[in-house]
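Input: a single structure, listed below in structure tokens.
The values are calculated or read from the model by the stated rules, or taken from the named source; none is laboratory data. On a predicted model such as this, the values are computed, not experimentally measured, just so you know. For neighbour counting, all protein chains shown are included, and Cβ atoms are generated from backbone atoms with ideal geometry for every residue, glycine included.
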Amino acid sequence: MRLRSIRFRLTVWYTGILAVSFLILGGITYLLVAYTLYEETDSALRSVAVALAEHTKDNTRGYSAPDVDEIFRRFFGFPPTERYFDLFDPFGNHEKGLSDQKGYPLTGEARENALKGIATFETITLAGAYPVRVLTWPVVESGRLINVVRVGMSRKGFYSAMYRFLLIVLILLPVALLFAGGGGWILARRALKPVDRMTETARKIGAGQLDERLELAGTQDELDRLAETLNDMLGRLYDAFAEMRQFTADASHELQTPLTILRGEIEVALRSQRNPEEYATILKSALEEIERISRIVEGLLLLARADAGVLRMDSQPVDLVRLVEEVLDQTALLARKRSIGLVMGNTEPLETTGDLVHLRRLFLNLVDNGIKYTPPGGTVKLSIERKGETAILSVQDTGIGIPPEEQEKVFQRFFRSQEARSAGQGGSGLGLSIAKSIAEAHGGKLELESTPGKGSIFRVHLPLRSRQV
């Protein structure tokens, strides 16, 4: 039995709480029983005193021991073993022939109370004997005190009863705790058995078996909810591993192509002596491939930093209209080469707070993407509008469009739609991923609306600068 196991701790806590509850309940019961016995003793003594007082008024020959015993038996319900009876005159002297003296003198307080017609309860303790509960009862006739009756009962029976009660409790408590602890251990073991099964199953699940799932009991209790949560986590891990494997494969493929070209060109250049013009052409081509590799690595580094939340941001006020105009100027030459019209749509003079370099890259990626996949004669339109506390920058093209089933995937790294591949346009498939990461890093989002054959609209939502809100 492992002392740190949940099963052991649950059993200890359960048994401990039960023990404390038993002790509190036993203590309260003990006090209630003692109080009840005290009250019943006093009530019985009061009844005995009243009965003896009534007989005293008409009885001049005294009481015999059987008479007194009979009265005690009548009200206590059992033959008294150590009862006490005494009779005094109003001056505190024993009445001859009417006393059963046991050596308990009438106290001054009891005599004073008797003269006032008040009964007095006392507990008298003598050395070497059990305490005696004594009642001093005034016998009044015609408003005058004629006698004082004193009756008492030894506390020996009371203490014996309470001792037996305490002994029974002390015997039953460990037995009850033993059975309760054993029952708690069994219940905890049964309740936690599904956890053991989950642990066993989870140990068997490795990186290659993330498609396996924990079995549900179907009870919809806490353990079922735990299993569902773990299954959801396994599902996310499976997707993450699959995405990582796909990412690794795609990154390797994207880097392998320019490296292969670069290696081939260098090998060709080294096979034979060439003139300076040929070397310059080869070096120019090699430099283009190096730049392509550099762009891929730079894009991957940006995405990695964005994922980790450590993307460096030089936040400053950014004039969105000026930013769009700069992007249009930078892409104008590329658009003219492809016979694409760049159009400035409706604009509002809005500002946001962000990194100018990253935001420029975001819109360059979107405009470049629109130019690449728009047939000659088409247009790419940029517009700016305000919606509440948000600036919406739209890049709309009349290109090939994106099928609905691929519209979520286009933001994945290295993903290129079938139409994009068929169009024969180059690219690493990182542009839209980078654009989305930059938008989210600025507290915004990137949305897509597209119709195959008609074109696409990319909308960038950015929070307005505080003074414009």
Fill in the blank from the handout: Among the residues of the range 178-217, the number that are in a helix (DSSP H, G or I), at pLDDT 70 or above and closer than 16 Å to M233 by Cα is 6
Exercise for the section: Spot the failing condition for T347; the list is (1) within 27 Å of G401 (Cα to Cα); (2) buried (at least 19 other Cβ atoms within 10 Å of the Cβ), and only one is missed. Expected result: (2)
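Residues are listed down the side, and each one gets a yes or a no for (1) surrounded by 18 or more Cβ atoms within 10 Å (Cβ to Cβ); (2) charged (D, E, K, R); (3) part of a loop (DSSP other than H, G, I, E, B); (4) at pLDDT below 85:
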site: D69; (1), (2), (3), (4): no, yes, no, yes
site: F72; (1), (2), (3), (4): yes, no, no, yes
site: L87; (1), (2), (3), (4): yes, no, no, yes
site: Y104; (1), (2), (3), (4): no, no, yes, yes
site: G152; (1), (2), (3), (4): yes, no, no, no
Exercise for the section: Filter the range 233-267 for residues that are of a type in the set (A, V, I, L, M), surrounded by 11 or more Cβ atoms within 10 Å (Cβ to Cβ) and at pLDDT below 75 and give the result. Expected result: A240, A242, A249, A251, L255, I261
Fill in the blank from the handout: Within the range 313-355, restricting to residues that are in a strand (DSSP E or B) and touching an Asp or Glu at 6+ places or on another chain (Cβ under 8 Å), the one that is nearest to I371 (Cα to Cα) is M344
Fill in the blank from the handout: When (1) over 29 Å from the mean Cα position of the chain (by Cα); (2) surrounded by fewer than 14 Cβ atoms within 10 Å (Cβ to Cβ) are applied to K193, the one that fails is (1)
Handout entry: Unmet requirement for S142, which otherwise passes all of (1) over 13 Å from R83 (Cα atoms); (2) surrounded by 14 or more Cβ atoms within 10 Å (Cβ to Cβ)
Key = (2)
Practice task
Among the residues of the range 113-141, count how many are of a type in the set (K, R) and not in a strand (DSSP E or B).
Solution key: 1
